[in-house]
């Protein structure tokens, strides 16, 4: 039976999402099964910028939707963000090294069969609908996460 | 023998504490044993607002006690805190969805038999006394944590 | 066969690095093998302040090198940093309790045979050269990390 890695992506930071997706892609290349459970700010990574909708949202949810990142490339850095300057610097350095941007790692993970799970409670609280997210996402609750994590060889909270 | 989950709560953020306690409650409902080891900022979650004392504290420890959160509902958000506005927004959205606040998840975890451990070194450095914390807390050191974690199926650093 | 703990140190925060190194030292004292994989901001902990060089760096890399911490004692706090005031307070409280500073825990970990790994991709992107880091560091990629982590009893993302 193949081995499994399970990650919670709780953070909505560009650099942490990058780390998580690099691990996910590398694990798949080694034949390791990968589950990613997106909770709270992590859900912003799964937002499809083409599909954001204000329908059926309370005014709090609309306000929240307005001030929060619209997709992978809009996430801030966890450190030295300097109002976005730090991220520009990081992206320029990545380009110099021909390292692909976050979106490329996300699309790699989708192609390589990473399992994407969205946290039900977080989505309800934030007013995020399933059809605002990328297609692969399955919505599960904390118990669903635990059942997957307990059978995994590696668990990380990112 | 039942399975076990071990979490270090290092962060003192409202949203991360919420995530940790939701996992703890859900794990107990699945019959999984849960150990939570509170270190550094995470210890603020265990402060009993009724029992804060300035006795036997150095002046640095008093200053620290003064500027740090007084209990669960006073913790800030890890992201988009906007001087507290973001947290008000999150709590209003949670109320709309009838999701209980942090204190309710903490009291649920206490009733469901989650094991609460306080990090000895952190408490000494911060000048936090055992009797300022909720009753269930046992004080252990890093080796105590490691012995518990190494026998667990899931370990997370939050 | 002895048990193993694997930690990714992604964060460049003084307090989180302290937590990771206290765990590393304690684990070694219990006879547990320890691997630490330093990625992104975590790499700043391994910078040897005596060996920082601007040679063979692009202008972006030079700018980045200039604004980033020069070694362990220059890392900021993850919370309540207050432009450095919070860290002074923490260090004074640690001194009162005769707790050694971060550098002492780092040198303890080096003496106790902790395995130090630097993330290849992070180093390339940030323009950090192997000879700017402490001697023990071996440079590996994400797959190298995964192979080490999957055989460990404990994995943490810090």
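Read-outs: derived from the displayed coordinates by stated rules, not from any lab. What you are looking at is a predicted structure, and each value in this text was computed from that prediction instead of being measured. Ideal geometry is used to build each Cβ from the backbone, glycine not excepted, and the neighbour counts take in all protein chains shown.
For an R0 of 25 angstrom, estimate the FRET efficiency from the Cβ-Cβ distance between residue C:3 and residue A:29 and round to the nearest 0.05.
Computed FRET efficiency for residue C:3 and residue A:29 comes out at 0.35.
Determine, from the Cβ-Cβ distance of residue B:147 and residue A:55 and an R0 of 56 Å, the FRET efficiency 1/(1 + (r/R0)^6), rounded to the nearest 0.05.
Numbers: r = 52 Å, r/R0 = 0.93.
Efficiency computed from Cβ-Cβ geometry: 0.60.
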**Study point:** Label point 7 Å beyond Cα along the C-beta direction, distances from residue B:49 to other copies (nm, shortest first)
**Key:** 4.2, 4.2
Point to revise | Mean Cα-pair separation over length for the stretch C:92-158, i.e. relative contact order, pairs under 8 Å, 6 or more apart, % | key: 27 percent
Practice item. Sort shortest first the distances from residue B:130 to its counterpart in every other copy, using label points 7 Å along the Cα-to-beta-carbon line, and give them in nm. Key: 5.0, 5.0
**Study point:** Beta bridges by DSSP in the protein assembly as shown, antiparallel share as percent, to the nearest 5
**Key:** 5 percent
Review point. Sorted from shortest, what are the nm distances separating the label point of residue A:29 from equivalent points in the other copies, each placed 7 Å from Cα along Cα to C-beta?
Key: 4.0, 4.0
Check your understanding: Of the residues A:137, A:125, A:114, which exhibits the maximal mean-square fluctuation in a Gaussian network model of chain A defined by a 10 Å Cα contact cut-off?
Key -> A:125
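Of the DSSP beta bridges with both residues in chain B, give the percent that are antiparallel, rounding to the nearest 5. Before the final figure, lay out the partial values.
Values: 1 of 18 bridges.
Around 5 percent of the beta bridges assigned by DSSP in chain B are antiparallel ones.
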Review point. Relative contact order, percent, of the stretch A:4-157 when contacts are C-alpha pairs under 8 Å separated by at least 6 residues?
Key: 37 percent
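Determine, from the Cβ-Cβ distance of residue A:70 and residue B:131 and an R0 of 60 Å, the FRET efficiency 1/(1 + (r/R0)^6), rounded to the nearest 0.05. Show your work: numbers first, answer last.
Values: r = 48 Å, r/R0 = 0.80.
That pair, residue A:70 with residue B:131, gives E of 0.80.
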Point to revise | Candidates A:62, A:143, A:120: whichever shows maximal mean-square fluctuation once chain A is modelled as a Gaussian network with Cα springs under 10 Å | key: A:143
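Using helices alone, I'd like the mean residue ellipticity at 222 nm for chain C: each DSSP H run of four-plus residues gives -39500 (n - 2.57), total over residue count, nearest 500.
-12000 deg cm²/dmol
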Review point. Per the Kirkwood formula on distinct C-alpha pairs, the Rh of the protein assembly as shown is how many angstrom?
Key: 22.8 Å
